[in-house]
Each structure stands twice: as structure tokens, then as C-alpha cells.
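Single-structure report; data block below.
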Protein chains: 2
Amino acid sequence: MMPARNDGQTMNHAALEQNPSEPLRTAWSNQWLERMRDQRISMAHGSGGKAMRELIEHLFVEAFRNPLLAALEDQAVVPLDDLRRQGGRLAFTTDSYVVNPLFFPGGSIGDLAVHGTINDLAMSGAKPLFLSCGMILEEGLQIDLLRQVVQRMGEAASHAGVSIVTGDTKVVERGAADKLFINTAGIGIIPHGVWIAATRARPGDAILINGPIGDHGIAILTARNELALECPVESDTRPLHDLVQAMLDVCPDIHCLRDATRGGLATVLNEFAQASAAAIHLNESAIPVRESVRGACEILGLDPLYLANEGKLVAVVPQAHAEATLEAMNRHPAGQDSAIIGEVTETPAGAVVMRNAFGGLRVVDLLIGDQLPRIC
Amino acid sequence: MMPARNDGQTMNHAALEQNPSEPLRTAWSNQWLERMRDQRISMAHGSGGKAMRELIEHLFVEAFRNPLLAALEDQAVVPLDDLRRQGGRLAFTTDSYVVNPLFFPGGSIGDLAVHGTINDLAMSGAKPLFLSCGMILEEGLQIDLLRQVVQRMGEAASHAGVSIVTGDTKVVERGAADKLFINTAGIGIIPHGVWIAATRARPGDAILINGPIGDHGIAILTARNELALECPVESDTRPLHDLVQAMLDVCPDIHCLRDATRGGLATVLNEFAQASAAAIHLNESAIPVRESVRGACEILGLDPLYLANEGKLVAVVPQAHAEATLEAMNRHPAGQDSAIIGEVTETPAGAVVMRNAFGGLRVVDLLIGDQLPRIC
């Protein structure tokens, strides 16, 4: 009456193998995509009926190709023993992506949706494993545009070694959403012995960043035609879990780690200072900023400290391991321009202060709002 | 240099305890909510800065009250041993909610966002544990309306015994979204020995449903003022994991299980028939439909088989356990009007056919689109 426990698990492993009819299926999906080239999303694509099923099978399942998703159940199922082998704790996170425009120099909403959630997992020290994908589509969206976004998601996931294993698609009437919004949630496993938290900054700790700040914010501005630059700046969107692993290899006791997305470097540092009830002293001249970003900020009256990044992390590590961590970061492709930009002190507790090139000090506070809306 | 493994875990458990300053905090949040009573969402609430932080702390953290979320890290962290103790496999799912209107007879978008994702987990036999919450808000949304939705989410989660442990908030300009959209992803644990899949329907199996169909669809129609009924129909939105547990207690070998949401009963049965390469024979007179729903369908030319439900599951179980399963369902508050509505046969493989009261047979196919958009 009740299947032996191994039955279920064997089936699950069987499902993980490649389907021999894969090439046939791809040809069928290519035909469908060809037929849909000039078509647009209709309300029927969010209905639960045939139109939605075709969209999911030919577009999402093809682009995200993995056996957990291909089962097309309403949930993905993973043996806990497989997870337990990789570490002691599970990390779970979510982000919605509403960036405007959908494509910009260096990336797209699809890249952000994969990298952003991978990075939120990575900042706990977790190895990212599985993502979900929830799409909200506006009626009238070109199916070919959706195909491009979904393809970027599939490629980003594949490059980062994660699988998009479950999803959902909703369609709203023309005018009820702006083209498309994506939500991804993510699951990862934190290795034994890693304990990173915003509360752990201690006086004496060093503050590190893995490269120049503000690239993503300026890339979005140029894509919106609000700015014309001689040397266009590309978004820094990229996954950071591999860099974090390289950092943990030399400094398993990283105290704090966050990616500096919305609100930028200044916001993350304020979060650390407040959560740890410590002060953070920044050295302005040590903070890497590209000349083109600095120039754009001067023209537009923006402060690079508050500009969004999509591939920058801020780490707080014990002083004794700062140099080794910096070296490990500099050796990694995602950290070649890393720098030590400040240190944690006792006072003024909860605040971030910055010393400029002339020795002057200023408080770097949280902004009420943001300089740029819909940045991610 | 590296904290002992137990350090991290002790901290994690410590974080799970109640914060002694809880009442103070609530008073502070109540003051904030009072001040915000007539305020509206601005772009600053999605910025990563102070305005967003206040919204999250006073509105979301208060309503979803649990220590994992209150840590306000970018990810929730759960010891794998705690999960491993509850079963062998992890289930992971996501759904976005775009229902219009936000409030309707019997529920709200907040109830759907919690119940819907709980139910997607429950349909694998999983015990739902953790949800994420991704909000996309339209600039200008009344903060008090958001408060009501978030409160419903918190209450629904609390009643169902799940915790909303991680979240994200984005704001888009006026006109770029219709008030608010919610995405929830969910994690649950499947007990050992349970193996439910859409591919497992076998000739001879019985088809069961836990009550009358179509209530949610008709409730939304009346809320849109497209229909005036003498006896208003309420949405059937409710969590079903507890009912599934009661069913598994008497029939651990449930073959297929899905909730009949978008696309209704007909769509789920077609999914089972196709995934299992079997036929499903329905007995029309056995399918429970309220008189008021039947009447509304006749007036509007709708078919209750395709109407959305938010608290109905369809189960395929071995014939030998059909009666015991039905009895267990009928004893449960979420299954008091359960019925055996058909059986699985060999032919016509992949199709659903229905016999009406006069003995006539008709094919119950998938629709191309849906009768009603933005139903969930």
C-alpha cells in the first residue's frame, strides 16, 4: 500500500537523468518559437489552459532546461540528504525585479533576476542551488522579447551552476503592469562553520569592497537616455558566490557580508553599523570609483556612495585576516580591483563617517529615498 | 579564527527566542501606522533607504512576526537538521498573485498569497514551513490598504502554522502596476514514504474532490460587480495541508494530488490524464456544485468545470482506499462535502470524458485560455 521509501527516491533520481527524446523536443520548441516570432502575450497565456502550457513548455522549460523543472509539477522536490551533505544550514531568500529598461549596457532584467538572488544567498556564505521564477507579464508583450529575457535567465543560471526548478506565470491586462516583472526566490546551503551576520562588526575589523562602485546605476541612467557618456559604463551584474567561496577559503570567519545593491555602499555600511552598534570609518580616497562614473555623478549631482551596484559586495573581516582576504579577492576575476576602504571603530556607535583627501570628516547617513527609482 | 560549528547554531537558536523589547516595539509600530494612516506609497518606499526600512520594520515585520524575519538579513537561515527530522525531501514552489479586486467575498489577495503557496506545497504531501514574500507596489497606493493586505497575510500564515521568513519590496511609478502584486515562494518537507506525482494515475483508481467547485470564480465575478446574486458566494480560499495530512493518514499511497485553481477541475484532470497517459471518466451528477454557482454559470454561459477554486483539491487514489479516504475527508472541516467523482480507465488515453445524467458522454478538453482573467 505504501511505497517503500526507496521507491520514491529512485524515481526522483531517475527523473534527474536526461530524457532521450530531448532533441525532438527542442525541434518542436524551435518550431513553436518560429511561429510565435511576431506574436504577443495575450490574457490566455496566463489562464492555466493550453496557451499557457505551450508558453511554459516551449519557452521556460527549454531555456531553464533541468529535470526538476521539466517534471512540470506545481513544486520542485529535492532529497534532503543531498542538501545535508553540502552543509549544515539552509538559506532562503527572494527578490522581485522591476528594472526599467529591460535591457541595458552589460545586462538585462533576466541577468539581474538570477544574479541578484544568487548574491543574496551568497552573502550568507551559502552555495546557491535552486531558484524559482515568478513572471508577471503585461498583455501585449512581444513573445520574442520575453524569449530573450528568459534565455538570459537560463544562461545566467547555467553559468552560475544553479537550476531554476519551479515557476509561475501570470498575465495582467494592458496598462496593469509595465511589460514584465520577475520574482526569483532562492535556496542555498551554508557550509559548516560559516556564520556571517550584519550584527558581527567589531572595533578593529577591516572593511573591504571587490571593485569600483556605481557602475550599475550609471549604466541604467545611460540606458534611459538621461545621460550620454564618451566611455559608456556597463552594469557590473554578476554572480558573487564563487568570490565569496574564495574569500571563505582564506578567512572562514568573515563577520559581515552584503551586496551593495539599492541604496549603494552607504546603505549597506549603515546597516552594519546599526545592527552591530559600532561605528564605521571610511577612507574616501581608498574607495574605487571609475573616472567615467565620477564624472557622470558630478554632472548629475549624484553621490556614487548611494548608487546601486549588482556585482559588488562589502565585507567586514577581522583585521588580522584583512590582507590575506584582499589578496584572495584580487586574484579572483570578480575582485580584481578590490580594496580595503575603512575600518570598524567604537564611536560614534551606529554611524558611518568618511574622511576625505583633505582630512575632513563627514557623516554618511541613510537617504530617505533613492536617487534613482526602478534600478533593479 | 573560525567559530566552532555550535557557535553559529547557538546564535541561530538564540535568535529564535522572543525579544524582550517586543511590546515597546509594537507600540512604536502602532504610532508609525497611526501617522501613516492617510499616507500613500511613494517611490522612496522602494529605495533601500530610510523610508523603505520604516515600512518593512513597522508593517511587514510586525504583521509577520517571527524571529527569522526579524533578523532583517537578506536571507533566512534554517538548520538542516531541523528539517531532516521532519522528512526526507524538500518541496519548493512559487506563485505570483495579481487578483483583481484585492478584496472579495471570503478573502483577499493576502489570503490567496499565503494559502495558494501552502497548497502547492501540500499537494506534494509536504508539511509547509516557510514562505517568502515579494511585494510590487504602485506609487500612490494607500498605506492603510497595504496594511490590511499584509495583516491578512500574517493572520493566514499564523493560522496555517507557517512563517513568512524573508521578503522584498519594490515600488514602481503610478500606472506601471495595478495597485499591488504579491509573490510568495514556499518551502516544505515531504514525510518519508510519500510519493505523489501527476504521472501516477492508474486504471481503476478513484478520483475524489473535497467539496463544491467554482466558488472562488463566482466570488470574484460578484466582487467585480459583473453579477448580482441573491445568495452571495464566498471564495473557498483556505489552506489544505491539514486535510492532506488526514488523507495520508488513511491512504499513504495517494497517487496524484493537485489543487484546482486557475483552469479549474477540468484542467487538473487533463494534466493527470496526459502525464499518466491514462483516461479519466467523470460522473457529472457526482460533482458537487452549489445551486447559486450553477445558476450564475447558466446566466453567464460559464462552465463550473473550468472555474477557479482556491480551496479544492483533486486526488487520485487506489480504488481499494477510495472509501476510507472519502470518509477521512468528510470528517475534516476542509472536506465536509467531499465526493468520489470518477475513475481512471485505460482509454481514451490522455483524455477526460464525462457522462451526464442522461448517459451521454462528452470530452472535457483543456481550454485555450480562461473564462476569467486575474482570478488569483
Quiz prompt | Odd one out for residue A:357, checked against (1) at pLDDT below 95; (2) at positive phi; (3) of a type in the set (Gly, Ala, Ser) | solution = (2)
Practice problem: Need at least 1 residues that are open to solvent by 60 Å² or more (accessible area, probe 1.4 Å) per element, so show me which strands (runs of 3 or more DSSP E) inside the range A:304-376 make the cut, counting only ones lying wholly within it. | Solution: A:339-345, A:352-355, A:361-363
Quiz item: Scanning the range A:72-117 for residues that are over 21 Å from residue B:173 (Cβ atoms), more than 11 Å from chain B (Cβ to nearest Cβ) and touching a helix residue (DSSP H, G or I) at 6+ places or on another chain (Cβ under 7 Å), which turns out surrounded by the fewest Cβ atoms within 10 Å (Cβ to Cβ)?
Solution: A:105
Exercise. Scan A:168, A:259 and give me the residue that is under 28 Å from residue B:90 (Cα atoms), touching a Lys or Arg at 6+ places or on another chain (Cβ under 7 Å), among the acidic types (Asp, Glu) and within 11 Å of chain B (Cβ to nearest Cβ).
Key: A:259
Quiz item: Considering B:70, B:27, which residue is modelled with pLDDT under 90 and under 20 Å from residue B:164 (Cα atoms)?
Solution: B:70
Practice problem: State yes or no: is residue B:158 assigned to a helix (DSSP H, G or I) and either at negative phi or more than 9 Å from chain A (Cβ to nearest Cβ) (or both)? | Solution: yes
Quiz prompt | Pick from the range B:31-48, criterion of a type in the set (S, T, N, Q) and open to solvent by 40 Å² or more (accessible area, probe 1.4 Å), ranking: farthest from residue B:180 (Cα to Cα) | solution = B:31
Quiz item: Going by the structure shown, is residue B:83 touching a Leu at 6+ places or on another chain (Cβ under 7 Å) and either on the phi < 0 side of the Ramachandran plot or assigned to a helix (DSSP H, G or I) (or both)?
Solution: yes
Quiz item: Does residue B:38 satisfy the condition of being in contact with a helix residue (DSSP H, G or I) (Cβ under 9 Å, 6 or more places away or on another chain) and among the acidic types (Asp, Glu)?
Solution: yes
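Residue-by-condition table, conditions (1) at pLDDT 95 or above; (2) in contact with a Phe, Trp or Tyr (Cβ under 6 Å, 6 or more places away or on another chain); (3) over 28 Å from residue A:99 (Cβ atoms):
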site	(1), (2), (3)
B:55	no, no, no
B:103	yes, no, yes
B:115	yes, no, yes
B:121	yes, no, yes
B:127	yes, no, yes
B:131	yes, no, no
B:145	yes, no, no
B:154	yes, yes, yes
Self-check item: Filtered residue count, the range B:165-190, keeping only those that are open to solvent by 10 Å² or more (accessible area, probe 1.4 Å), touching a residue at least 40 places away in the same chain (Cβ under 8 Å) and out of contact with any helix residue (DSSP H, G or I) (no Cβ under 8 Å at 6 or more places or on another chain)
Solution: 1
Exercise. Test residue B:114 against the stated conditions and say whether it is β-branched (Val, Ile, Thr) and out of contact with any Asp or Glu (no Cβ under 9 Å at 6 or more places or on another chain).
Key: no
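The values are calculated or read from the model by the stated rules, or taken from the named source; none is laboratory data. Note that the structure is predicted; figures quoted are calculated from it, not measured. Every residue, glycine as well, gets a Cβ built from its backbone with ideal geometry; the counts of neighbours run over all protein chains shown. Each accessible area value is taken on the protein alone, full model and side chains, heavy atoms only, with ligands, DNA and RNA left out. Shrake-Rupley method; radii C 1.70, N 1.55, O 1.52, S 1.80 Å.
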